[in-house]
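Heads up, the thing below is written out as structure tokens.
Bear in mind these aren't lab numbers, they're just calculated from the coordinates by the rules spelled out. Quantities reported herein were computed from a predicted structural model and do not represent experimental measurements. Positions of Cβ are backbone-derived with ideal geometry, glycine not excepted, and every protein chain shown enters the neighbour counts.
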Amino acid sequence: MMEYKGYSAQVEFDDDVGVFHGEVLHLRDVVTFEGRTVAELRKAFRDSVDDYLAFCASRNEPPEKPFSGRFVVRIDPGLHKAVATQAARSHQSLNAWVQSVLAAATRPGGSPTASQGDRPLRQARP
């Protein structure tokens, strides 16, 4: 994974032609780059992001932000109730509770079933 100016990219190596191919993630626009060496790849990534930002500026359009801080999750109603109950037991809003659980789950050694409440969150049965 590569990072530059808040943008992330994923890279793959094409062994047939000996070239790294990369794509900036989490944008509707397609921003790609490539290089034969790691140094070329890093430069191409930075140049592609800078070109994208310059292109947006030339059109007087704001560049896409990779993340807005909002996302919609569709879950089973029973799980929704369980999560809302855990949040209430933790004296947190649903958003604050979900944020704390996701933060705990994404820390090294974190667990996706981490809980801030007084009992562990049970997964909904399929």
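Listed values, structure above:
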read-out: Charge dipole (debye, nearest 20) of region 25-81; +1 at Cβ of Lys and Arg, -1 at Cβ of Asp and Glu; value: 300
read-out: Listed values (i) 1.78; (ii) 1.99; (iii) 1.14, entry calculated as Rg/Rh (Cα atoms, Kirkwood Rh); value: (iii)
read-out: Relative contact order for the chain, counting Cα pairs under 8 Å that sit 6 or more residues apart, in percent; value: 14
read-out: Size of charge dipole - the chain - debye, nearest 20, with Cβ of Lys, Arg +1 and Asp, Glu -1, no other charges; value: 1100
read-out: Set of lysines with alpha-carbon distance to K43 below 20 Å, sequence-local pairs under 8 removed; value: K5
read-out: Principal-axis tilt of helix 38-58 within the chain, Cα atoms, nearest 10 degrees; value: 80
read-out: In Hz, Karplus ³J(HN,Hα) per residue of region 3-17 (6.51, -1.76, 1.60; θ = phi - 60°; x = Gly, Pro); value: 9, 7, 6, x, 9, 10, 9, 10, 10, 10, 10, 9, 5, 5, 10
